[in-house]
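The values are calculated or read from the model by the stated rules, or taken from the named source; none is laboratory data. From a predicted model like this one, the values you see are computed outputs, not experimental measurements. We work out accessible area using only protein heavy atoms, side chains counted, and drop any ligands, DNA or RNA first. Shrake-Rupley method; radii C 1.70, N 1.55, O 1.52, S 1.80 Å.
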Amino acid sequence: MEIIFLLIPLSLLLVVVAIGAFFWATRSGQFDDLDSPALSILDDEPSTND
């Protein structure tokens, strides 16, 4: 029963960190263009990212 007093705050902290990471990723533009990277694999031109 005593472990629950440790696990509940740790799980709440994990949720807060996950939500913070999600909002950081949306603000930094990680989800702006989801289609182009998937379609770039079909392009025949060689990549210039050496």
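The angle between the Cα long axis of helix 4-27 and the longest principal axis of the Cα atoms of the chain comes to about 30 degrees, rounded to the nearest 10.
Working from the Cα coordinates of the chain, the gyration tensor eigenvalues give, after taking √(5λ), semi-axes of 42, 12, 9 Å in decreasing order.
Normalised per residue, the accessible area of the chain is 100 Å², obtained with a 1.4 Å probe and no contribution from ligands, DNA or RNA.
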